[in-house]
Amino acid sequence: MDIFSDLKDIFQEEELSLIEEINHLYKNKILGQTKTGIQKEFERLTIEFSWKSSSIEGNTYTLLDTERLLKENIKASGHNDDEAQMILNHKKAMDFILSNPNYFEDISFVKIKELHQILTRNLSIKSGIRKSMVGITGTNYRPLDNEFSITDVLEKLVINLNKNLNPVEKALVAVSMISYIQPFEDGNKRTARMLGNALLIAHQLIPVSFVGVNNLEYKKAIILFYEKIVFYI
């Protein structure tokens, strides 16, 4: 049984039309620029996304600190090395995606693990599917607690993602469900956000920096999703 079969037709026609209009502008204004212009735009995206995605995870670097770290390789004083490493890992993952955009047109179990490994490098986080239960602060939701069930569900999600879904829907499902399944010991939401952007970039759609997202509201929305959306996995 396809447990993710209902994850389709998420957007209304008006929403799809608006998304298409925004992406049309993106292709004309951004992807239609010179090679240098495109590089500058993706440099900006990488800085903003690396900062914001890390900030959501509790990283205290400012946007200016992040820009200096990524452009000049200068760490901000008064911060531990893990914070710099987290941001640098985001950049490495974005660089990997941008240098291999077609690689993410189709998703695989291996590709998801690759992104996770890049994002958690040198952060004392175990790679591979977790083998024990995890708890999530602020919610009673408990994800699956053994690697065999997690692997099975993740493979079913991959099959769903590779069906003929609208690419924007595919990205939304990836971000939501990787966060929900929690396949790794840590770094799940980082991996989910990065995978979502990998899918958008692969289909020449506008990626998401999350820069305008309120961290607290984002976390509250994720917790609401955990508790109110039930998948029999």
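Each value in this text was obtained by applying a stated rule to the coordinates, not by laboratory testing. These numbers come from a predicted model, not from an experiment. Here the Cβ is made from the backbone with ideal geometry for all residues, glycine too, and neighbour counts use every protein chain on show.
So for the chain, what percent of the C-alpha to C-alpha distances run longer than 25 Å?
Here the long-distance tail beyond 25 Å is 42 percent of all Cα pairs in the chain.
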Towards the positive end of the charge dipole of the chain, with charges on Cβ (+1 Lys, Arg; -1 Asp, Glu), say which of His90, Tyr141, Gln12 has the farthest Cα. His90
Return the loop-located chymotrypsin sites (Phe, Trp or Tyr not before Pro) in the range 149-233 (DSSP other than H, G, I, E, B) with at most 11 other Cβ atoms within 10 Å of their own Cβ; answer none if there are none. Tyr232
What Kirkwood hydrodynamic radius do you get for the range 15-96 when you take the inverse of the mean 1/r over all pairs of distinct Cα atoms, in Å? 14.0
Between Val110 and Glu72, how many nm apart are label points set 7 Å from Cα along the C-beta direction? 4.1
Please list 3J(HN,Hα) in residue order for the range 143-150, calculated via the Karplus relation 6.51 cos²θ - 1.76 cosθ + 1.60 where θ = phi - 60°; whole Hz, with x for glycine and proline. x, 3, 10, 9, 5, 6, 5, 4
Where labels lie 7 Å past Cα in the beta-carbon direction, separation of Phe96 and Asn28 in nm: 3.6
Those trypsin sites (Lys or Arg not before Pro) from the range 87-153 that are DSSP loop and have at most 16 other Cβ neighbours within 10 Å turn out to be Arg121, Lys126, Lys131
Using +1 on the beta carbon of Lys and Arg, -1 on that of Asp and Glu, and nothing else charged, what's the dipole of the chain about the Cα centre, debye to 20? 540
Helical contribution to [θ] at 222 nm, DSSP H n ≥ 4, -39,500 (n - 2.57), averaged over the chain, rounded to 500: -19000 deg cm²/dmol
The FRET efficiency for Glu14 and Val213, from their Cβ-Cβ distance with R0 = 30 Å and rounded to 0.05, is 0.85
Arranged by the count of other C-beta atoms within 10 angstrom, fewest first, what order do Asp81, Asp145 take? Asp81, Asp145
